[in-house]
Amino acid sequence: MPAELTQVELEPAPLDRYRDLLDRQDWEATTGALRALGAATSGHVIWNLNSTPRGGGVAELLGALLPYELGAGIDARWVAIEGSPDFFAFTKRLHRLLHGDDPDGTQVDDEEKRAYESTLAENAEALRKRMRPGDVVVAHDPQVAGLVPALKEHGCTVIWRCHIGADQPSPAARQAWDLLRPYLAPADAIVFSRRAYVWEGLDNARVEVIPPCIDAFSPKNRDLDQATVDDALRKTGVAPDGLPVVLQVSRWDRLKDPVGVLEGFAEHVAPGAEGRLVLAGPEIKAVADDPEEPEVWRRLEARWRQLPEEVRGRICLAQLPMDDEDENATLVNALQRRAQVVVQKSLAEGFGLTVAEAMWKARPVVASRVGGIGDQVEDGVGGILVDDPHDLRAFGEAVLRLLRDRQLAERLGIGARQRIRSEFLASRHLRQQAALIVDLIR
């Protein structure tokens, strides 16, 4: 049976809102790239495929970018595939493998592979009924990689985007490459977020590097007045006591290491400075393609309950509602604006757009030097990078330094915003991807 696809409804957005943020050269390059894309795809659709309509960096990226393409008159659409819990458990494992993380140490077996292909065959059947030869498909991450051959055979121009990777490829990462590579052989282009993530053995002529971005005008990043911030904070349970806030926003994912953040704060920050820690993430079970979240939450909550009462009272664990995406984004925005220091102590990271979001709000960041975080944060200019993500003492000392030295924190915050403005806004991404699609069509 064909799968039940979810098409995400989007409203057009005017690119003109970026005019005052960009210099003349960047503005003209961006508008020119979208005009060329509209001409090249006239009469056809640009489809974006992923595994979930909400939660996670890919969904946020699509929600930020596609409205501007629609506003430029381009027929851009977003569809999320259907999958069973077993399918998403397996693709979550693929996600970990691409990060080089393999706690189970087991090989992917033929039964898992057949189940993966069977699920995607059902989705391909449904997609072919909507797509026409000549359409463009941008498929995101391992959950949809297996769709590439069927959609290419259907006559589409197909791009696969990999938003995750490993700084140093491990046997686990290469296992994932070997599994996915045959599905990607027909792809017209393969896009990576970082040059360091490009797999060995790929045809360089088909490889493109396009870093992710944030939208300065989305509900998560637009300016908020103080009344809106205060109202949002009441909904999250963050005490309005004026104490400095250290914040991490992320999925409840083992690789985001929320337990490590909690322990680092309890052991190395709380004894040396006033302030509270806020760990915020999505409501459990709200993100369908991440079945590990409930277990990570249970471990985090259990560790929090073991802390001494005086420390436990300074740590807030916040599950943010996901039913209303704008409300969720506004809550995150308010939390980031309330924070004195934003942290991202990931053990592995594809890119980590929550870092860019905080930097755009002129907040200094303490983060692990893993994945794309190091591309965003220039150590000592926009934040402080910790070389070993397992080093809780180094993490805590970096946070303490910023809590104690407000002038340093302010200087790093200013540098952080300038970095995002010059390198990681939606306008740059739009023109890069537009140029790639136009080149492929031509």
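The values are calculated or read from the model by the stated rules, or taken from the named source; none is laboratory data. Small disclaimer: the values here were computed from a predicted structure and weren't measured. Quick reminder, even Gly has a Cβ in these numbers, built from the backbone with ideal geometry, and neighbours come from all protein chains shown. Please note that ligands, DNA and RNA were not included when accessible areas were found on the heavy atoms of the full protein model with its side chains. Shrake-Rupley method; radii C 1.70, N 1.55, O 1.52, S 1.80 Å.
The table below gives the values:
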| read-out | value |
| --- | --- |
| Residue within the stretch 227-247 that is without any contact (Cβ under 8 Å) to a residue 40 or more places away in the chain and assigned to a strand (DSSP E or B) present | no |
| Residues satisfying the stated conditions in the stretch 221-254, i.e. touching a strand residue (DSSP E or B) at 6+ places or on another chain (Cβ under 7 Å), over 22 Å from GLY396 (Cα atoms) and not small (Gly, Ala, Ser) | ASN221, THR236 |
| Filtered residues of the stretch 274-287 (kept if surrounded by fewer than 18 Cβ atoms within 10 Å (Cβ to Cβ) and more than 21 Å from ARG54 (Cβ to Cβ)) | GLU274 |
| Every residue from the stretch 57-75 that is open to solvent by 20 Å² or more (accessible area, probe 1.4 Å) and out of contact with any helix residue (DSSP H, G or I) (no Cβ under 9 Å at 6 or more places or on another chain) | VAL58, LEU70 |
| Condition met for PRO212 (part of a loop (DSSP other than H, G, I, E, B) and under 30 Å from VAL191 (Cα atoms)) | yes |
| Matching residues in the stretch 72-89 - criterion: being out of contact with any Asp or Glu (no Cβ under 7 Å at 6 or more places or on another chain) and more than 18 Å from VAL8 (Cα to Cα) | ALA72, SER84, PRO85, ASP86, PHE87, ALA89 |
| Given (1) out of contact with any Pro (no Cβ under 8 Å at 6 or more places or on another chain); (2) more than 27 Å from LEU440 (Cα to Cα), index of the condition ARG96 fails | (1) |
| The stretch 197-226, residues that are open to solvent by 70 Å² or more (accessible area, probe 1.4 Å), farther than 18 Å from PRO14 by Cβ and out of contact with any Pro (no Cβ under 8 Å at 6 or more places or on another chain) | GLY201, ASP203, ASN204, ALA205, ASP225, GLN226 |
| Boolean, ALA172 is under 21 Å from GLU349 (Cβ atoms) and crowded, with 18+ Cβ neighbours inside 10 Å | yes |
| Sole exception among (1) crowded, with 17+ Cβ neighbours inside 10 Å; (2) at pLDDT 95 or above; (3) farther than 27 Å from ALA434 by Cα for LEU151, by number | (3) |
| Single residue of the stretch 227-255 satisfying the filter (of a type in the set (Gly, Ala, Ser) and crowded, with 16+ Cβ neighbours inside 10 Å) that is nearest to ARG93 (Cα to Cα) | SER250 |
| The stretch 88-115, subset without any contact (Cβ under 8 Å) to a residue 40 or more places away in the chain and in contact with a helix residue (DSSP H, G or I) (Cβ under 6 Å, 6 or more places away or on another chain), residue farthest from ALA434 (Cα to Cα) | GLU112 |
| Verdict on ALA394 being under 30 Å from ASP75 (Cα atoms), touching an Asp or Glu at 6+ places or on another chain (Cβ under 7 Å) and either among the small types (Gly, Ala, Ser) or open to solvent by less than 50 Å² (accessible area, probe 1.4 Å) (or both) | no |
| The stretch 412-431 residues that are outside any loop (DSSP other than H, G, I, E, B), paired with ones that are of a type in the set (Asp, Glu) and surrounded by fewer than 23 Cβ atoms within 10 Å (Cβ to Cβ) (beta carbon under 8 Å, 6 or more apart) | GLY415/GLU378; ARG419/GLU378; SER427/ASP26; ARG428/ASP26 |
| So GLU263, is it within 30 Å of PRO294 (Cα to Cα) and either at pLDDT 95 or above or surrounded by fewer than 20 Cβ atoms within 10 Å (Cβ to Cβ) (or both) | yes |
